[in-house]
1. Under 7 Å between Cβ atoms, at least 6 apart or on separate chains: pull out the pairs that start in segment 234-263 with a residue that is over 10 Å from Pro193 (Cβ atoms) and end on any residue that is modelled with pLDDT of 95 or more and among the hydroxyl-bearing types (Ser, Thr, Tyr).
2. Exactly one of these conditions fails for Ser268: (1) buried (at least 23 other Cβ atoms within 10 Å of the Cβ); (2) under 15 Å from the mean Cα position of the chain (by Cα); (3) modelled with pLDDT of 95 or more. Give me its number.
3. Kindly establish whether Leu229 is closer than 16 Å to Gln160 by Cα and either at pLDDT below 95 or in a loop (DSSP other than H, G, I, E, B) (or both).
4. Looking only at segment 288-313, count how many residues are surrounded by fewer than 23 Cβ atoms within 10 Å (Cβ to Cβ), of a type in the set (D, E, K, R) and under 21 Å from Ala344 (Cα atoms).
5. Looking at segment 390-412, which of the residues that are of a type outside the set (Lys, Arg) and more than 12 Å from Pro203 (Cα to Cα) is surrounded by the most Cβ atoms within 10 Å (Cβ to Cβ)?
6. Restricting to segment 134-150, what's the tally of residues that are surrounded by fewer than 17 Cβ atoms within 10 Å (Cβ to Cβ) and over 19 Å from Glu182 (Cα atoms)?
7. Spot the failing condition for Phe316; the list is (1) of a type outside the set (Asp, Glu); (2) over 25 Å from Asn196 (Cα atoms); (3) loosely packed, with under 13 Cβ neighbours inside 10 Å, and only one is missed.
8. Is it fair to say Gly323 is out of contact with any helix residue (DSSP H, G or I) (no Cβ under 6 Å at 6 or more places or on another chain), under 26 Å from Thr83 (Cβ atoms) and among the small types (Gly, Ala, Ser)?
Amino acid sequence: MFQPLLVSLSFLLFSLPSCQRPAVNQPETARVETGKPAQTTNQPVTETAPNDTENALKTGAEQTERYLNLLRGKKIALVVNQTSLIGKTHLVDSLLAHKIRIVKIFAPEHGFRGEADAGAHIKNETDSKTGLPLVSLYGKNKKPTPEQIADVEIILFDIQDVGVRFYTYISTLHYVMEAAAENNKQVLVLDRPNPNGDYVDGPVLDLKNTSFVGMHPIPVVHGLTVAELAHMLNGEKWLAGGKQCNLEVVPVKNYTHKTTYTLPVKPSPNLPNQQSVRLYPSLGLFEGTNVSVGRGTDKPFQQLGSPFYKDTTYAFVPKSVPGATNPPHLNTRCYGKDLSKIEAPKFTVSYLIDFYRNSRQQDKFFNSFLTKLSGTEALRKQIEAGLTEAEIRKTWQPDLERYKTMRKKYLLYPNFE
């Protein structure tokens, strides 16, 4: 992802079938069901997943009894997108039905409806139906300005993340918290599970390589939920000037870092299923190369290919499609590997090493974006020098161990080890 379209809320947001996002398809293991049909009356929506038993997993948003009283009588801004659901009802619909005063909606990369291309800039607009201002936090304005939150008391953040440092929703979280700290506003995070939260891996970002796809000294796979990371941002004083914001969170109920969680809705246009979400940490690094990750095909982030890969056994041709209108190697045959049916590995640089070694264009294989994605200048040099994955991994370990120790201070849920 590194990617928004803010589209009008021309009917009551996501309640109508034409606005519902397709469910992420994959195994049913520990899946949170998407709930009852969307409400179409003016009655308050206090919706939970149908398996509402004592031991059922419940996202922060589903636990309305834990945050509605905090919001009543306050002026609220929401940081939400198509993943901000309570069952099949969008959070905006639920809050409006409960007479919560929403003054505006901030949208992250990919936009409010999660349909925009990676990197697409989106303009602000006003919804013609509800009159709610839609403010983009991707593009020129990544941080809410004092003027944009002057009429706000609480900023509510409810977005599904995938647990990877270069997935930009957590960078939006940082800027929202920073703006809140600077302007004396409260932040409420409704937490959701991390589908890659069962491990920690990858190089820790060197702060000299800070960018919107990597703002913090954390590894590629950080093993935190959004609420846990929010506590870390505050606790480590990583906001500008070492400020800390007034932070409240609603944790996920009955969740651990060992819980298998399949997303009920795709978090961005090119992560359509669980396979892509699990492969994303490893394949995301290829955005810093001349290799296609399958954007513009029916298997984004589930295949790799390049016109310059030596093995021509497997091939695909990227096309212009919604969510990837101008993908790398558009209309060009790419050769590579189909990863859509394998058991998705945890984070690995083995694919990166393989495609470099088997490229007929090694001198143009990498681009400068790899340093921002990996967080280090070393990875490119190590691969070019012929190091093995095991040798490369050894160089990560000191920083990884320090991070793991720090991470434990901010865990809200039982760890995976």
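1. Within 7 Å, the pairs are Gly235/Tyr410; Val250/Tyr67.
2. Evaluating Ser268 over (1) buried (at least 23 other Cβ atoms within 10 Å of the Cβ); (2) under 15 Å from the mean Cα position of the chain (by Cα); (3) modelled with pLDDT of 95 or more leaves (3) as the failure.
3. So Leu229 fails the test.
4. 2
5. Ranking the candidates gives Tyr410 first.
6. 2
7. In the conditions (1) of a type outside the set (Asp, Glu); (2) over 25 Å from Asn196 (Cα atoms); (3) loosely packed, with under 13 Cβ neighbours inside 10 Å, Phe316 misses (3) alone.
8. Taking the combined requirement at face value, the residue satisfies it.
The values are calculated or read from the model by the stated rules, or taken from the named source; none is laboratory data. Model, not experiment: these values are computed from the prediction. Every residue, glycine among them, receives a Cβ derived from its backbone with ideal geometry; neighbour counts consider all protein chains shown.
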